[in-house]
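> One structure follows; several queries about it will come next.
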Amino acid sequence: MRPHGVGHVLAALPGETMNHEAWKTLLAAESLPCAIVDLDAVDHNLALLRAARAREDVTLRVATKSVRVPAVLRHLREHGGSALRGWMPWSAGETRALFEQGFDDFLMGYPVARPQEADTLAALAADGAQVIACVDDAHHVAVLAEAARAHGTEVPVCIDVDLSLRPAAGVHLGVRRSPHRDAVSVVALARRIAEAEGVRLAAVLAYEAQVAGLADRAPGTALKRPVLRWLKARSVALARERRSAVLEALEREGHAIAVVNGGGTGSLRTTSAEAAVTEVTVGSGFLCPHLFDHYDGLPLRPAAFFALPICRRSDPDHVTCLTGGFIASGAPGPDRLPQVHSPPGLTPVALEGWGEVQTPFRCGRDAPQLRLGDPVIARHAKAGELFEHFREVLLVRGGAVVDRVPTLRGTGWGYGG
């Protein structure tokens, strides 16, 4: 019996839309549950994202939290060419884990506030790692500077600039990240950085989440789409104006900003069109979880799946699978639930949902004849979160196993530390 948390990652055949019999054949010798990655779909998505850049001199930085499998990150590095540059980890611990796996050139997506985390980043810098820490508060600057001095090194930092839209008092559209919403505020923090021994300003990070993370044609949003189009258009203009104003102000202060990071998968075209932007962060687009199915002009292919074994049948028109409760983070709602990919005709039972130890499905008229032991293939709402449930990854291309490698959790590092 496989220990809890161990799974396999498999890949579908090149360009093939697999029916359920093909899935059964592919998984016949595998222990379930397992996770599945279609490497051919990954390659398709990588090529699509490279081509979607408005300017070829804008590079893509990989959001590692959205992948979480070192071998897949290496695959992207090997096949991304000059279009890919560096990694965006979310924590000091993840940065250290990736550096130990042979990765370098990090731009942190989130700040560190505790001395222990700052010490980790300073130690990495002292060991020669290229790591830019994220700051949006004088406290972040202080803890990083103190840690850098203790290690006899210097830690480059980026200022996180808020790009949320606030069209009226009390209305906040976007994510709550940085408190810096104008050039005056950013310059004030830049001066604190300049005064602190052990840190230097090297980059600006500004993420337009309400553009990058909202699908254009999500199910059930038809009546809201005119408002969504307005929101995105206004947010794109805000991002362009604010980034430009911030960079001009920093330049007048004598700061040479080499890295200007913005956007995400859903804003790749608009963010990369800005003259000031040097790179765009992309993560979920490589694996295309189901939340990324409905972006205009971005025909990504699903590349990440998981398979659950049918273990019992409570009624003739129901099947029950082992485990399945891989619910995505974020505001609770139906869009955070997994979606059945294969076979057709299965609907989760509303009163049980996707469960911790079992997930029952009602079999509709178009469902095939299913037997105990058959797999049910599903997709996660997000990308990397799925792989937090698995330790071992089986990589397959063209129907053949090419390697057996760990997830980041399998290397001994999980998102709890």
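> Filter the stretch 329-354 for residues that are within 16 Å of HIS20 (Cβ to Cβ) and either not assigned by TED's automatic domain parsing to the domain that holds GLU21 or not hydroxyl-bearing (Ser, Thr, Tyr) (or both) and give the result.
Answer for the stretch 329-354, where residues must be within 16 Å of HIS20 (Cβ to Cβ) and either not assigned by TED's automatic domain parsing to the domain that holds GLU21 or not hydroxyl-bearing (Ser, Thr, Tyr) (or both): GLN339, VAL340, HIS341, PRO343, PRO344, GLY345, LEU346.
> Another one. Given the conditions (1) touching a residue at least 40 places away in the same chain (Cβ under 8 Å); (2) within 17 Å of SER235 (Cα to Cα), and given that ALA168 satisfies all but one, which numbered condition is not satisfied?
With respect to (1) touching a residue at least 40 places away in the same chain (Cβ under 8 Å); (2) within 17 Å of SER235 (Cα to Cα), ALA168 is out only on (1).
> Which numbered condition trips up VAL349, out of (1) in contact with a strand residue (DSSP E or B) (Cβ under 6 Å, 6 or more places away or on another chain); (2) closer than 20 Å to LEU26 by Cβ?
With (1) in contact with a strand residue (DSSP E or B) (Cβ under 6 Å, 6 or more places away or on another chain); (2) closer than 20 Å to LEU26 by Cβ applied to VAL349, the lone miss is (2).
> A further question on this structure: Give the residue, chosen from PHE99, PHE106, that is in contact with a Pro (Cβ under 7 Å, 6 or more places away or on another chain) and at pLDDT 95 or above.
PHE106
> Continuing with this model, one more query. For the stretch 138-163, how many residues are in contact with a strand residue (DSSP E or B) (Cβ under 7 Å, 6 or more places away or on another chain), at pLDDT 95 or above and farther than 12 Å from GLU197 by Cβ?
Here the count works out to 7.
> Just checking: which of the strands (runs of 3 or more DSSP E) contained wholly in the stretch 199-316 hold 2 or more residues that are over 16 Å from ALA52 (Cα atoms)?
So the answer is 199-207, 259-262, 304-312.
> Continuing with this model, one more query. Among the numbered conditions (1) in contact with a Pro (Cβ under 7 Å, 6 or more places away or on another chain); (2) at pLDDT 95 or above, tell me where GLU392 comes up short.
(2)
> Now, a different point. Which of the residues belonging to the stretch 117-135 are assigned to a helix (DSSP H, G or I) and either charged (D, E, K, R) or not assigned by TED's automatic domain parsing to the domain that holds ILE159 (or both)?
We begin by selecting, within the stretch 117-135, every residue assigned to a helix (DSSP H, G or I); these are 117-126.
Across the stretch 117-135, the qualifying residues are GLU117, ASP119.
> Testing ALA194 on (1) touching a Gly at 6+ places or on another chain (Cβ under 8 Å); (2) farther than 28 Å from LYS382 by Cα, one condition comes back false. Which one is that?
Checking ALA194 against (1) touching a Gly at 6+ places or on another chain (Cβ under 8 Å); (2) farther than 28 Å from LYS382 by Cα, the one that fails is (1).
> For the stretch 363-380, does any single residue satisfy the condition of being in a loop (DSSP other than H, G, I, E, B), on the phi > 0 side of the Ramachandran plot and not polar (S, T, N, Q)?
yes
> Could you go through the stretch 355-378 and let me know if any residue there is basic (Lys, Arg), outside the structural domain of ALA218 (by TED's automatic domain parsing) and buried (at least 19 other Cβ atoms within 10 Å of the Cβ).
no
> Looking at (1) over 22 Å from GLY283 (Cα atoms); (2) in contact (Cβ under 8 Å) with a residue 24 or more places away in the chain, which is the only condition PHE387 fails?
Single failed check for PHE387: (1).
> With the checklist (1) more than 25 Å from GLY345 (Cα to Cα); (2) surrounded by fewer than 17 Cβ atoms within 10 Å (Cβ to Cβ); (3) modelled with pLDDT of 95 or more in hand, flag the one item SER314 doesn't pass.
With (1) more than 25 Å from GLY345 (Cα to Cα); (2) surrounded by fewer than 17 Cβ atoms within 10 Å (Cβ to Cβ); (3) modelled with pLDDT of 95 or more applied to SER314, the lone miss is (1).
> Of all residues in the stretch 19-41 being in a helix (DSSP H, G or I) and in contact with a Cys (Cβ under 9 Å, 6 or more places away or on another chain), which is surrounded by the most Cβ atoms within 10 Å (Cβ to Cβ)?
Going through the qualifying residues, I end up with ALA41.
The values are calculated or read from the model by the stated rules, or taken from the named source; none is laboratory data. Small disclaimer: the values here were computed from a predicted structure and weren't measured. Using ideal geometry, Cβ is built from the backbone for each residue, glycine included, and neighbour counts are taken over all protein chains shown.
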